[in-house]
Every structure is written in C-alpha cells, then in structure tokens.
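Reading through the structure tokens given below for one structure.
The values are calculated or read from the model by the stated rules, or taken from the named source; none is laboratory data. No experiment lies behind these values; they were computed from the predicted model shown. Ideal geometry is used to build each Cβ from the backbone, glycine not excepted, and the neighbour counts take in all protein chains shown.
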Amino acid sequence: MLDIFAIRKDFPILARQVNGKPLVYLDNGATSQKPLSVLQAMDDFQRNHNANVHRGIYTLSEEATALYEGAREKIRQFINARSVEEIIFTRNATEAINLVALSWARQKLVAGDEVLTTEMEHHSNIVPWQMLAKERGIMLKFVPAKPDLGTLDLGLFETLLTPKTKLVCVGHMSNLLGTVNPVKTFVEKSHAVGAKVLIDGCQAVPHLPVDVQQLGADFYAFSGHKMLGPTGIGVLWARKEILDATEPVLGGGDMIKEVTKVGATWNDLPWKFEAGTPNVVGAIGLGAAVDYLTKVGMENIWQHEQDMATYVLPKLTAIPGVQLFGMQKPSLDRGAIFSIWIDGMHPHDIASIFDEQGIAIRAGHMCSQPMLEVLGKPAAARASFYLYNTQAEADVFLNAIEDAKKVFGV
Amino acid sequence: MYESTLLDHYHHPRNTGKLEPADRQHREPNPLCGDVIEVFLKLDADGKVADVAWEGSGCAVSQASMSALSEKLVGKSKVELDAMGVQDIERSLETSINPARLKCATLGLVAVQKALRQEKP
C-alpha cells in the first residue's frame, strides 16, 4: 500500500485551490505533476553546477557531464537496458518515434515494404508512419481494435503480418482506453516474420514496471513529463546493434568524432544521435523523477492504480447514461484511465463543469481520432489517475458526473 | 457559465436548418474539439442580413452561442458583424464565458463573419 498522504506532501501543486476548491488533478495521461525532489534537482543544477556537457576541461563542466550522464544511467537501470549506449535523449516520445522513422526506417525500408500500426495508437505513433509511407511508397496498415472489448484483434494482427512487414508499431498502454496491450506477443509474432517492433511506452513507463530486455522489442519510446519529470525530455531506447547500423539524422556538435572540410565521422553511441547541446537540466530532472518512482516502487504504483480502477469502475459504469470506453471491469490488462461519453453532454462541457469544481480532466479527441472513429464518437472526457490520487478524489470525480448530469438535465 | 439562458438555447436552438438557395454559406469546424457550425444567410439589397439559418454539432457553448447570435443577425451589416465579439455573445446568453471556451463561444460568429467575406456562391 502506498502512503498516499505522505506522497501528496511531496507535490507542492496538489496543495493549491482551483476556483475555490481543492485541486483534483486527473489529467495524468496528458502530463504528471512534479515532486519537490525533481524541482530541487533542476534548481540545484542551474544554481550550482551549470556548464555545458562533454566539452569543458574545468570542474563545473565535469560536474554537469557527470550529472547528465548519471541521469542516463538511472534511466538505463529503470527500464533495465543492457547499456547506456541504448538510451538516447529526445524531446519527448513523439520525437523518439519520429527519430526512428527519420533514421532507421527511412534508411532501411523501401517501396513495397509494410509498416503495421494499430487503431488504438496515439497520433504520434500513426502520423510519422503516414508521412514516411507517403514519401517512400511504403504501405501502412492498421491492426483493428475491438471497440466493445477495448482490445486489439490479435487474430487479424496475425493475418496482417507477412514477410513484407518490416516494422510493427504498438502502444504499451492506450492513452484513451487504459488497455495494456500484449506487447510481448506482438514482439514474438513480429520477430517470427523478421519485422522489427517499436513500442510506444508513453503511458506504461510512468505507471508499471517496464523491462526492455524482458519485452524484447527493438525500439521503445517514452516521455519524461508523464512520469514526474519536466517537459522537453524523452527517451528512445533502441538495440545497440540497430543503432550501430543506423546513420544519424541531425548533424552538428557533440554527435561527431572528427570533422574535416571533406566530411565527418560519428561519435559513439548514444551521442551519435544527440546533436547540439542537449536538454541537460531536463535529463537531470528526469533522473530525479526516476529516483522518486524507484523509491516508491513501480509495483506499488501499479497496484495503487489497479486499486483505483477496482474502486472506480463499478461505480462509474453504474451511473445511468455514462458510456465508458474500453474494458468495463478491473483487470491486470487495464490501468486507471477512464474515458467516457454521455449522450446530451459534450465532453468539453463536462470538463468545464468539472473545472468549476477544481477538477482537471481532459476532453477532446485525446490525439486518438482513429480509435474514436472506431468507437463512433467525436470526442471523450477522460480522467487518468496516478500515484498521488486518492479514493476521496475518485468520489469527487464520480459525484461531479452526477452534478453535471443535473445541470444538463440528462 | 452553464446558466439557464445558455442551457435553454442549447436544448432549444433557434433558427436551425438550411436556407436554399442562400446568398452566403460557410462551414466552420473547430479542429480542436470537432465542433462544426454551418451558416446560411440571405442578404437584402444593401447587403445586410435578411434571413439566417444554421446547422451544427458540438458542445453546449458553441451551439448555444450560435443560437443566441442567430437572433441578433437580421438587419446587421458586414461592418457591424465584424465589430462583434464574445462580449455580445455573453450579453445574449446572460453569462460569462471561461477563457478556455472562447473559441467555442465564437465559432458561430466566425462562421458568419467568414460567410460575409465571401462572394455570392
């Protein structure tokens, strides 16, 4: 069991009021709040150790480099990568996926090859592949979702998978439905036909234990800001042998070994893919976030979210008029994300009424328009829980739905 | 924000439908939320609005705002309509619109303003 009240004290923003009510922050799928230790780590760096990394022959630069590379090592441990050479810092998961599209995929895939993604993906795991498909004559196919069950159709996945498939892209946990997809099965089936696998781990790494060696994929992308870290820092994990055989896409400082007027040679991994001065303070903040998550324990965080789902789901689905998307019952394959539709109330109106009560939820298409199309709805209202959310907050959320229904007379 | 006038316009929208043929017609979507409003206008000899109809789907704020706006359009010139803003909608709906919802509230007004900028179809 988490000591949620002790945890909440670590997050200064949770003490504030919004519109005269205590903040109930339920938009963790969009971004998480930050504990004091993360804020202090970034502040301490900028006050006491700031210098550029990998360059100066002086104390401050050595300290900055040690802190930056120390953060990388923390992240390596956190996802159990074999080596820090496999941890590339990006701006966010979107940039990590685009980096794969613009480097490895652009260099290795040819016209006629096929890329598989799924209907359940966030736009960031669809649009880069649409762009590449258009540019290179690659066929992009979608693994269908089963809207009533909130799962991917594994049978159809297998029929779509052919020797032409060169890459399979799948989200570890759906940002709209909270479904945890059977990514290990995806990896095994895809590797059997020689396809590489990219997992979008944006909603998984913050919430459940992730071991990239155990999953066995080829690429794994996630964002720092959804896991208690700052915005502007994300991670691409990729197998060393793939990164070794891939040319960089951004050229400039730090990614080179030697430059002459004739050409340049590339730096070692992971710096080969990190041109220019990186987001040093962001990486240090993410390192501190990983420390915090590790201290609490990812198993404990996942258990807490399972407990939240177990508490919320029967109450939420019992409210007349509420249509919950995805899995209706608590399950090990489901996180604490609840996307709903209520006939007669647009999600934006639900979110506005909630805001008047200090409750922050997301409303709109959630960057999941293809999945919403499958569900036959233009938008959704989503509450997404995290380690600091309490059962009392779940009650505030559930009561607010009843209140909103009264306002609209539905 | 969800006062009785707004909810009344949302539940009982005024002037909905189409005008065929219309002198001006424009469909304005809000890509952020998927709301859409399409307006149909007839103009008099001076170019002022003579008749209005509209169709749309979306949140209560966008739909109620268009409904209330549709009651204020007849007799207005392009210049007068271009000068209108969210404050006119707030006055009609007898409520204040949250800053986060300004785009919803003005979606219909933008549709009307854009319709009047066009030539006769």
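Looking at the range A:357-369 only, could you name the residues that are surrounded by fewer than 19 Cβ atoms within 10 Å (Cβ to Cβ) and either over 23 Å from the mean Cα position of the chain (by Cα) or at pLDDT 95 or above (or both)?
Once the filter is applied, which keeps residues that are surrounded by fewer than 19 Cβ atoms within 10 Å (Cβ to Cβ) and either over 23 Å from the mean Cα position of the chain (by Cα) or at pLDDT 95 or above (or both), the range A:357-369 yields A:Q357, A:G358, A:A360.
Only one of A:L116, A:L160, A:L99 is touching a Leu at 6+ places or on another chain (Cβ under 7 Å), buried (at least 24 other Cβ atoms within 10 Å of the Cβ) and more than 28 Å from A:D27 (Cβ to Cβ). Can you tell me which? Please lay out each step first, then the result.
Details: A:L160 fails: buried (at least 24 other Cβ atoms within 10 Å of the Cβ); A:L99 fails: more than 28 Å from A:D27 (Cβ to Cβ).
A:L116 is the lone residue from the list that is touching a Leu at 6+ places or on another chain (Cβ under 7 Å), buried (at least 24 other Cβ atoms within 10 Å of the Cβ) and more than 28 Å from A:D27 (Cβ to Cβ).
Kindly check whether there is at least one residue in the range B:26-34 that is within 14 Å of chain A (Cβ to nearest Cβ), part of a helix (DSSP H, G or I) and over 13 Å from B:V110 (Cβ atoms). Give the derivation first.
First, pick out the residues of the range B:26-34 that are within 14 Å of chain A (Cβ to nearest Cβ): B:29-34.
Still in the running and part of a helix (DSSP H, G or I): none.
No, because not a single residue in the range B:26-34 is within 14 Å of chain A (Cβ to nearest Cβ), part of a helix (DSSP H, G or I) and over 13 Å from B:V110 (Cβ atoms).
Checking A:I75 against (1) assigned by TED's automatic domain parsing to the domain that holds A:F219; (2) of a type in the set (A, V, I, L, M); (3) out of contact with any strand residue (DSSP E or B) (no Cβ under 8 Å at 6 or more places or on another chain), which single condition isn't satisfied?
(3)
Of the residues that sit in the range A:314-346 and are touching a Leu at 6+ places or on another chain (Cβ under 8 Å), assigned to a loop (DSSP other than H, G, I, E, B) and within 26 Å of B:Y10 (Cα to Cα), which one is nearest to the other protein chains (Cβ to nearest Cβ)?
For the range A:314-346, the residue satisfying everything is A:F325.
Search the range B:58-81 for residues being of a type in the set (A, V, I, L, M) and more than 14 Å from every other protein chain (Cβ to nearest Cβ), and hand back the single one that is surrounded by the most Cβ atoms within 10 Å (Cβ to Cβ).
Of everything passing the filter in the range B:58-81, B:L69 is surrounded by the most Cβ atoms within 10 Å (Cβ to Cβ).
Quick check on A:D349: is it farther than 24 Å from A:C202 by Cβ and within 13 Å of another protein chain (Cβ to nearest Cβ)?
Numbers: farther than 24 Å from A:C202 by Cβ: yes; within 13 Å of another protein chain (Cβ to nearest Cβ): yes.
The answer is yes for A:D349.
Tell me the residue from A:G155, A:G171 that is touching a strand residue (DSSP E or B) at 6+ places or on another chain (Cβ under 8 Å) and either of a type in the set (A, V, I, L, M) or assigned by TED's automatic domain parsing to the domain that holds A:V212 (or both), please.
None of the other options fit; the residue is A:G171.
Mind telling me which of the residues A:A245, A:A238, A:A204, A:A217 ends up being without any contact (Cβ under 8 Å) to a residue 12 or more places away in the chain and of a type in the set (G, A, S)?
Working: A:A238 fails: without any contact (Cβ under 8 Å) to a residue 12 or more places away in the chain; A:A204 fails: without any contact (Cβ under 8 Å) to a residue 12 or more places away in the chain; A:A217 fails: without any contact (Cβ under 8 Å) to a residue 12 or more places away in the chain.
From the options A:A245, A:A238, A:A204, A:A217, the qualifying one is A:A245.
Would you please name the residue that is nearest to B:A115 (Cα to Cα), looking only at residues in the range B:1-25 that are more than 14 Å from every other protein chain (Cβ to nearest Cβ) and either surrounded by 21 or more Cβ atoms within 10 Å (Cβ to Cβ) or in contact with a Lys or Arg (Cβ under 7 Å, 6 or more places away or on another chain) (or both)? Explain how you work it out, then say what you get.
The first filter runs over the range B:1-25 and keeps only residues more than 14 Å from every other protein chain (Cβ to nearest Cβ), leaving B:14-25.
If we keep only those that are either surrounded by 21 or more Cβ atoms within 10 Å (Cβ to Cβ) or in contact with a Lys or Arg (Cβ under 7 Å, 6 or more places away or on another chain) (or both) too, we end up with B:19, B:22-24.
Values: B:L19: 13, B:A22: 11, B:D23: 9, B:R24: 6 Å.
Result: B:R24.
Go through the range A:352-369 and give me each residue that's more than 27 Å from A:L14 (Cα to Cα) and within 11 Å of chain B (Cβ to nearest Cβ).
Residue satisfying the conditions is A:Q369 alone.
Looking at the range B:35-57, which of its residues are within 13 Å of the chain's Cα centre (by Cα) and either more than 14 Å from chain A (Cβ to nearest Cβ) or in a loop (DSSP other than H, G, I, E, B) (or both)?
Hits for the range B:35-57 are B:E38, B:V39, B:F40, B:L41, B:V49, B:D51, B:V52, B:A53, B:W54, B:E55.
One line per residue, one yes/no per condition, for (1) touching a residue at least 12 places away in the same chain (Cβ under 8 Å); (2) more than 28 Å from A:D153 (Cα to Cα):
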residue: A:A41; (1), (2): yes, yes
residue: A:F45; (1), (2): yes, yes
residue: A:V53; (1), (2): yes, yes
residue: A:I57; (1), (2): no, yes
residue: A:A71; (1), (2): yes, yes
residue: A:F78; (1), (2): yes, yes
residue: A:T90; (1), (2): yes, yes
residue: A:L109; (1), (2): yes, no
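Applying the selection to the range A:353-397, what residues are of a type in the set (A, V, I, L, M, F, W, C) and part of a loop (DSSP other than H, G, I, E, B)?
Listed by number, the residues that qualify are A:I361, A:M366, A:C367, A:A379, A:F385, A:L387.
Within the range B:49-56, identify whether any single residue is among the aromatic types (F, W, Y) and at pLDDT 95 or above, and answer yes or no.
Yes.
Take the range A:184-201 and flag every residue that is surrounded by 24 or more Cβ atoms within 10 Å (Cβ to Cβ), free of Cβ contacts under 8 Å to residues at least 60 places away in the same chain and in contact with a helix residue (DSSP H, G or I) (Cβ under 7 Å, 6 or more places away or on another chain).
A:I199, the sole residue that qualifies.
Given the condition surrounded by fewer than 21 Cβ atoms within 10 Å (Cβ to Cβ), in contact (Cβ under 8 Å) with a residue 60 or more places away in the chain and not polar (S, T, N, Q), answer yes or no: does some residue in the range A:249-258 qualify?
Yes, because at least one residue in the range A:249-258 is surrounded by fewer than 21 Cβ atoms within 10 Å (Cβ to Cβ), in contact (Cβ under 8 Å) with a residue 60 or more places away in the chain and not polar (S, T, N, Q).
Condition check: over 22 Å from the mean Cα position of the chain (by Cα), crowded, with 18+ Cβ neighbours inside 10 Å, away from every other protein chain (no Cβ under 13 Å) and in contact (Cβ under 8 Å) with a residue 60 or more places away in the chain. Does A:A394 satisfy that?
yes
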